[in-house]
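All remarks here apply to the structure that follows.
The values are calculated or read from the model by the stated rules, or taken from the named source; none is laboratory data. Bear in mind the structure is a predicted one, so any value in this text is a computation, not a measurement. Because the Cβ atoms are built from the backbone with ideal geometry, glycine has one as well, and the counts that use them run over all protein chains shown.
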Protein chains: 2
Amino acid sequence: MPKPEVDPTVSLDLSVDRSSPVPLYFQLSQQLEAAIEHGALTPGSLLGNEIELAARLGLSRPTVRQAIQSLVDKGLLVRRRGVGTQVVHSKVRRPLELSSLYDDLEAAGQRPATKVLVNTVVPAPAEAAAALGVAEGAEVHRVERLRLTHAEPMAYLCNYLPSGLLDLDTGQLEATGLYRLMRAAGITLHSARQSIGARAATAGEAERLGEDEGAPLLTMERTTFDDTGRAVEFGTHTYRPSRYSFEFQLLVRP
Amino acid sequence: MPKPEVDPTVSLDLSVDRSSPVPLYFQLSQQLEAAIEHGALTPGSLLGNEIELAARLGLSRPTVRQAIQSLVDKGLLVRRRGVGTQVVHSKVRRPLELSSLYDDLEAAGQRPATKVLVNTVVPAPAEAAAALGVAEGAEVHRVERLRLTHAEPMAYLCNYLPSGLLDLDTGQLEATGLYRLMRAAGITLHSARQSIGARAATAGEAERLGEDEGAPLLTMERTTFDDTGRAVEFGTHTYRPSRYSFEFQLLVRP
DNA sequence: GTAGTTCGATTGTCCGGACATACGCATTGA
DNA sequence: TCAATGCGTATGTCCGGACAATCGAACTAC
């Protein structure tokens, strides 16, 4: 009697294209990720061992390990020495990325409207100057935006950018969000320091967001750095808590 | 005339102990990280190339690459093909970890006091049951705690845990925090889904935290999973925004 | 029946090499 | 003067192999 098949990857039609410029480990990791997302690899199931998988695909073990490792880093797989590699249960998914609010909502299917209130060059206020590492009063870009869903205000965003970093077109800003524009301008984002808090709305904030004075607001302050260590953006955002909250997943670094 | 020294790692006294059970790449990455933290490797400086570094330490290039890669993943280093590996500027540091509030404050030097208000077994409310994946009304642990700094309340924490997962000693809870207890019980934390929002304080919340009714509160809801995909904790926390905010760093995954 | 031991399976670590690819800089050419 | 080209250098990718550490289960001994 034939042993029942225990390795779910054999029925998966995995293959790599050696003539493609995309790295082999990346091709493999993408196929595995798609299989997990699609349900072909069920949560909790064990992937067959690396050696055999490598042999079946005509790859070396280091390459297969690199593919698997990238999914482990994403939190989709768990490795156990002496046991094997397991698909984590489906509840546990969705990564924490450096994404803009626009990206968040777009992914959620709600296309938010953006209204640019201010897009100009101003002398840097003390707080923005400190965050961006420029002299107080130096020229910086200031962008004020209002985010709306279903014609209702949801967030008020105020951002400062170093002058001359990129030219901010109001039309593009309303169409595509600040982070996409920076990436498109060749800026490689590296990291951001964030601070999330809450406070009572001032009269001006209340009016802008359609709340009452003293109503609770969710606030976020963020400084974003590119990979050279330059601060490329500083923003203070206020959200209506009835219409927005921060949702994300944390991964434990082993 | 001798060429000036450009590789800052040569004056660093790096060495590995091959008789140690700790992996070589980890020994190296720790020493490099210490050098960065200590300032011996200044921000923006280039690390000498991997080949030479490997030769100097008597290691192979894959091992050195693994060490460097782990620091890249932490956001401390940046690699550029054809250029070299650079130390990121010092402003950009501090990782985002799955840490408890207790850990946060301990790191900040403020030892918070914890008062356990409730530590008992209750039938699971609907919300907690859904998050933990148990039947509504099933037995779960319920822990209510008050966090104080300088004898002032700062946060009210309400947590649910699956029954039988670990025994929660009130004394230990006040001394060391929930996450440490779980780790100590052999639970390997994997990830957590968090949601941060804000709302006006109810009368009961206001009294517990020493605020006025209607005052803005910062709220956090979290479900934590271990590496088998089990939910091991569900908590709803409320913070006084004047005394606490969430600060963390996001890293861009390249 | 229970506790301790052995053993197979699997991932973890490490090696030494090879070629590809992209970046910065100097050289060359218009 | 300025743009295109070529070259050195560094990381990126990939290979095939070796041994160690650990887990789980079957097995043995008491």
- Message: Could you tell me how many of the residues in the stretch A:226-252 are within 7 Å of another protein chain (Cβ to nearest Cβ) and within 30 Å of B:Arg79 (Cβ to Cβ)?
- Response: 7
- Being within 14 Å of chain B (Cβ to nearest Cβ), outside any loop (DSSP other than H, G, I, E, B) and over 23 Å from the mean Cα position of the chain (by Cα), is that true of even one residue in the stretch A:185-199? yes
- Message: Quick check on B:Val78: is it within 12 Å of DNA strand D (Cβ to nearest atom) and under 25 Å from the mean Cα position of the chain (by Cα)?
- Response: yes
- Task: Please go through the stretch A:226-254 and pick out each residue that is assigned to a strand (DSSP E or B), of a type outside the set (Phe, Trp, Tyr) and either surrounded by 18 or more Cβ atoms within 10 Å (Cβ to Cβ) or at pLDDT below 90 (or both).
- Result: A:Asp226, A:Ala231, A:Val232, A:Glu233, A:Gly235, A:His237, A:Thr238, A:Glu247, A:Gln249, A:Leu250, A:Leu251
- Consider only pairs whose beta carbons are under 9 Å apart and that are at least six residues apart or on different chains; among these, list those whose first residue lies in the stretch A:22-43 and is within 16 Å of DNA strand C (Cβ to nearest atom) and whose second residue is among the hydroxyl-bearing types (Ser, Thr, Tyr) and not in a helix (DSSP H, G or I). A:Gln27/A:Ser15; A:Gln27/A:Ser20; A:Leu32/A:Thr9; A:Ala35/A:Thr9; A:Ile36/A:Thr42; A:Ile36/A:Ser90; A:Leu41/A:Thr9
- Among A:Ala34, A:Ala67, A:Ala55, which is the only one that is surrounded by 16 or more Cβ atoms within 10 Å (Cβ to Cβ) and either of a type in the set (A, V, I, L, M) or within 15 Å of DNA strand D (Cβ to nearest atom) (or both)? A:Ala67
- Those residues of the stretch B:214-225 which are in contact with a helix residue (DSSP H, G or I) (Cβ under 7 Å, 6 or more places away or on another chain) and at pLDDT 95 or above, in sequence order: B:Ala215, B:Leu217
- Item | Selection count, the stretch A:6-21, where residues are away from DNA strand D (no atom under 16 Å from the Cβ) and surrounded by fewer than 12 Cβ atoms within 10 Å (Cβ to Cβ) | 2
- Task: Name the one entry in B:Leu146, B:Leu132 that is in contact (Cβ under 8 Å) with a residue 60 or more places away in the chain, over 23 Å from B:Ala206 (Cα atoms) and touching a strand residue (DSSP E or B) at 6+ places or on another chain (Cβ under 7 Å).
- Result: B:Leu132
- Message: I'd like the full set of residues that are assigned to a strand (DSSP E or B) and β-branched (Val, Ile, Thr), limited to the stretch A:123-159.
- Response: A:Val140, A:Val143, A:Thr149
- Task: Among residues belonging to the stretch B:44-91 that are among the polar types (S, T, N, Q) and free of Cβ contacts under 8 Å to residues at least 12 places away in the same chain, point out the one that is nearest to DNA strand C (Cβ to nearest atom).
- Result: B:Ser60
- Item | Test for B:Leu24: is it surrounded by 15 or more Cβ atoms within 10 Å (Cβ to Cβ) and at pLDDT 90 or above | yes
- Restricting the search to the stretch B:202-225, which residues are within 10 Å of chain A (Cβ to nearest Cβ) and not in a strand (DSSP E or B)? B:Gly214, B:Ala215
- Which residue, of A:Tyr156, A:Tyr160, is away from chain B (no Cβ under 14 Å) and within 30 Å of B:Ala200 (Cβ to Cβ)? A:Tyr156
- Query: Would the stretch A:211-220 turn up any residue that is surrounded by fewer than 16 Cβ atoms within 10 Å (Cβ to Cβ) and in contact with an Asp or Glu (Cβ under 6 Å, 6 or more places away or on another chain)?
  - Reply: no
- Item | Yes/no for A:Arg18 being within 9 Å of DNA strand C (Cβ to nearest atom), more than 28 Å from B:Ala192 (Cα to Cα) and of a type in the set (Lys, Arg) | no
- Item | Among residues of the stretch B:41-65, those that are among the polar types (S, T, N, Q) and over 31 Å from the mean Cα position of the chain (by Cα), counted | 2
